[in-house]
Structures are given as C-alpha cells and as structure tokens.
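The values are calculated or read from the model by the stated rules, or taken from the named source; none is laboratory data. The shown structure was predicted, so the numbers you read here are calculated from the model rather than taken from an experiment. Reconstructed Cβ throughout: ideal geometry from the backbone, glycine too, with neighbour counts over all protein chains shown.
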Amino acid sequence: MNKTLRGLLVAGVPAALGILFGVGVIMYGIQAGHKSEEASAKEDQKQKQTQASSTASGGGSEMKGFVSQNCATCHGQDLKGAFGPSLIKAGQSLSEEELVNILKNGKGSSMPKGLASGKEAEVAKYLKTLK
Ligand code: HEC
C-alpha cells in the first residue's frame with residue numbers, strides 16, 4: 001500500500017462515517033417530525049370525536065358542569081342535598097314536566113326560579129339521569 005492511499009483511508013473513512021452519521025441523524029429528525037405531526041393529527045381527531053359524542057349524548061357532561069355551578073351551592077356538591085333537598089331523589093321521584101315546572105317557577109320560598117336560564121328541559125333530562 002502506498003502512503004497517499006493509506007493517508008486517504010485514514011482520513012477518509014472517519015469522514016465518510018461522519019457524513020453517513022450526519023445524514024442518518026437528519027433523516028431520523030425528519031421522520032420523527034413526521035411522526036409527531038401524525039400524532040397531533042390523531043389527537044385532533046380524537047378531540048373532535050369526543051366533542052361529537054358529548055353533543056350526541058345530550059351534553060351530559062356540559063349539564064354536569066352547569067348544574068354543579070348553578071345548583072350545587074344549595075343542593076350540595078354531590079347533589080345529595082344540603083340547604084335544598086337531594087336532586088338525585090328529585091330526579092327519580094319527579095317527572096320531567098314537574099322538574100321543568102319547578103325550574104321555571106321555583107318552589108316554596110327558597111328555590112329560586114329561572115336558574116336554569118332557558119335550559120330547563122336539558123337540566124330536567126339531566127336530573128332524570130342521576131342515580
Ligand atoms: C338558593 C338555593 C338554591 C339554588 C341555587 C337551587 N335550589 Fe333547588 N331548591 C332549593 C330549596 C330550598 C328547595 C326546597 C324548596 C321547597 O320544597 O320548599 C329546592 C327544591 C328544588 C327541587 C324540588 C325538589 C323536590 O324534591 O321537591 C328541584 C327539582 C330543584 N330544587 C332543582 C334545582 C336545580 C336544577 C337548580 C340549579 C339550576 C337549583 N335547584 C338551584 C334551593 C336552591
């Protein structure tokens with residue numbers, strides 16, 4: 001082997017490896033970028049699906065939030081009754097019409113009317129689902 005060839009090999013092999021390695025890292029980076037884009041696209045889809053299903057089921061979780069914001073102060077955090085009676089029992093023993101009627105007109109002197117602000121039917125339906 002002559003000296004120049006040896007010199008080329010000694011300098012060239014690591015250089016070639018270095019280039020290969022560099023390209024590999026770049027390719028890997030591009031692929032990883034692709035993957036995370038795909039992943040976030042999937043996340044988007046998932047979110048859309050959950051949104052769609054919560055509207056389809058009559059916004060059960062939305063009603064849960066609404067009721068715990070507007071009713072739980074008097075009827076208790078778990079709606080099992082506090083200052084006002086248990087809404088779980090009320091949902092079981094009263095009809096949807098009776099519930100709507102109470103929400104629209106209030107009851108006695110302490111159950112204020114109009115708290116469901118137009119969502120009486122939805123709230124009544126939700127109360128009927130409580131167990
Ligand atoms: C300011 C306190 C207060 C808030 C807020 C409140 N309630 Fe009441 N609620 C009462 C009281 C007190 C009674 C019992 C009234 C009576 O029987 O004289 C009652 C009674 C009821 C009843 C009848 C229960 C039964 O067994 O006869 C229903 C149904 C009801 N509330 C639903 C709701 C819903 C739904 C909300 C939220 C939109 C709500 N209430 C918010 C105080 C409250």
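Which one of the conditions (1) under 12 Å from MET63 (Cβ atoms); (2) within 9 Å of the ligand (Cβ to nearest atom); (3) assigned to a helix (DSSP H, G or I) does GLU122 fail to meet, given that it meets all the rest?
All conditions pass for GLU122, except number (2).
For region 98-119, what are the residues that are part of a helix (DSSP H, G or I) and aliphatic (A, V, I, L, M)?
Matches in region 98-119: LEU99, VAL100, ILE102, LEU103.
May I ask you to list the residues in region 72-96 that are assigned to a helix (DSSP H, G or I) and either modelled with pLDDT under 95 or surrounded by 13 or more Cβ atoms within 10 Å (Cβ to Cβ) (or both)?
ALA72, CYS74, HIS75, LEU87, ILE88, LYS89, ALA90, GLY91, GLU96
Looking only at region 4-17, decide whether some residue is surrounded by 14 or more Cβ atoms within 10 Å (Cβ to Cβ) and either modelled with pLDDT under 70 or closer than 19 Å to THR129 by Cβ (or both).
no
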